[in-house]
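K.L.:
Below you will find the structure I want to go over with you.
The values are calculated or read from the model by the stated rules, or taken from the named source; none is laboratory data. On a predicted model such as this, the values are computed, not experimentally measured, just so you know. Positions of Cβ are generated from backbone atoms using ideal geometry, with glycine treated the same way; all protein chains shown enter the neighbour counts. With ligands, DNA and RNA removed, areas are computed over all heavy atoms of the protein, side chains included. Shrake-Rupley method; radii C 1.70, N 1.55, O 1.52, S 1.80 Å.
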Amino acid sequence: MTVLDASNAGADGCEHHGARLLASLAGGRVYALPDAPEGAAIRTFKAADGLRPFCWVDGPRTRPSQLSRAENRARNLL
């Protein structure tokens, strides 16, 4: 996977780490590398939706920037 940030700086990695990085970026995008398995980019994108950003930060997570995109969508439905 290649994960790009909003300014097009990128990093290559596996689906797992690409999803974690994508979850921590605002405006990030993911692209499959030429040798990636079929559907890898969409799996990475979907996985990032449910992951909380910045997994290395400990402590209570209550601010929207500390929650996953899916958690923020769920909060807005209440």
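K.L.:
Show the residue pairs meeting these rules: Cβ distance below 7 Å; 6+ apart or different chains; first residue within the stretch 67-78 and closer than 13 Å to residue 24 by Cα; second residue modelled with pLDDT under 90 and not in a helix (DSSP H, G or I).
P.N.:
67/52; 67/61; 68/52
K.L.:
Kindly list, by first and then second residue, each pair from a residue in the stretch 2-16 that is at pLDDT below 95 to a residue that is open to solvent by 70 Å² or more (accessible area, probe 1.4 Å) and part of a loop (DSSP other than H, G, I, E, B), limited to pairs with Cβ atoms under 7 Å and residues at least 6 apart or on different chains.
P.N.:
Cβ pairs passing all conditions: 6/26.
A quick yes/no check of all residues on (1) of a type in the set (Lys, Arg); (2) within 21 Å of residue 4 (Cβ to Cβ); (3) touching a Cys at 6+ places or on another chain (Cβ under 6 Å):
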| site | (1), (2), (3) |
| --- | --- |
| 23 | no, yes, no |
| 32 | no, yes, no |
| 36 | no, yes, no |
| 39 | no, yes, no |
| 48 | no, yes, no |
| 54 | no, yes, no |
| 60 | no, no, no |
| 68 | no, yes, no |
| 73 | yes, no, no |
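K.L.:
So, one more: Does residue 44 satisfy the condition of being of a type in the set (Ser, Thr, Tyr) and out of contact with any strand residue (DSSP E or B) (no Cβ under 9 Å at 6 or more places or on another chain)? Don't jump to the end; show me each part of the working.
P.N.:
Details: of a type in the set (Ser, Thr, Tyr): yes; out of contact with any strand residue (DSSP E or B) (no Cβ under 9 Å at 6 or more places or on another chain): no.
In short, no.
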